[in-house]
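Peer 1: My structure is below; once you've seen it, I'll send some questions.
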Amino acid sequence: MNEQVSTIMIRDLQTVQPEDSLQKVKELLINHRIHHVPVVDKDFHLVGILTTYDLFKLNVDHKDYLTTKVANVMTRQLATLEASDKVGTAAEVFMEHLFHALPVLDGRKLIGIVTSFDVLRYAYNKEYPPR
């Protein structure tokens, strides 16, 4: 758990911008089989996140997804990590706050995301190294 999160973070990110529609988020979640979509501005600075849970709890009819903007429903208060933070730090945040994803930043710029599944895979591979 003492390795840096940069060793396990996902770098190939699916993101949206605040002016995008919920329809775009829904399509990304389904087509890429993911549960968290970071929201970035034109400079790739993190401004929010949307999750499958966020869509589930929204009181927005699916027919309104095309006209509902991400900025109106995204979560803005975020816990984040830096690439040099330890995997154990991510695990601690997940357990303490029941989060399932943490964006990884370099300053304000989004460079990756770490999920609870990434930490689980890391721990499993430590105990049972791939052959």
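The values are calculated or read from the model by the stated rules, or taken from the named source; none is laboratory data. Keep in mind that what you see is a predicted model, and the values were worked out from it rather than measured. Note that each Cβ is placed from the backbone with ideal geometry, even for glycine, and that neighbours are counted across all protein chains shown.
Peer 1: Being surrounded by fewer than 18 Cβ atoms within 10 Å (Cβ to Cβ), over 27 Å from residue 27 (Cβ atoms) and aliphatic (A, V, I, L, M) is true for just one of 83, 71. Which residue is that?
Peer 2: 83
Peer 1: Report, by residue number, each residue of segment 46-71 that is at pLDDT 95 or above and assigned to a helix (DSSP H, G or I).
Peer 2: Result: 70, 71.
Peer 1: Another question, then. Please go through segment 84-131 and give me each residue that is in contact with a strand residue (DSSP E or B) (Cβ under 8 Å, 6 or more places away or on another chain) and within 16 Å of residue 34 (Cβ to Cβ), ordered by number.
Peer 2: 100, 101, 102, 103, 104, 110, 112, 113, 114, 115, 116, 118
Peer 1: May I ask you to verify whether residue 83 is out of contact with any Leu (no Cβ under 7 Å at 6 or more places or on another chain), under 19 Å from residue 111 (Cα atoms) and among the hydrophobic types (A, V, I, L, M, F, W, C)?
Peer 2: Yes.
Peer 1: Within segment 77-131, take every residue that is part of a helix (DSSP H, G or I) and among the β-branched types (Val, Ile, Thr) and give me the one that is nearest to residue 54 (Cα to Cα).
Peer 2: For segment 77-131, the residue satisfying everything is 93.
Peer 1: Also, I was wondering about something else. For residues that are touching a residue at least 40 places away in the same chain (Cβ under 8 Å) and of a type in the set (A, V, I, L, M), scanning just segment 29-68, find the one that is surrounded by the fewest Cβ atoms within 10 Å (Cβ to Cβ).
Peer 2: 66
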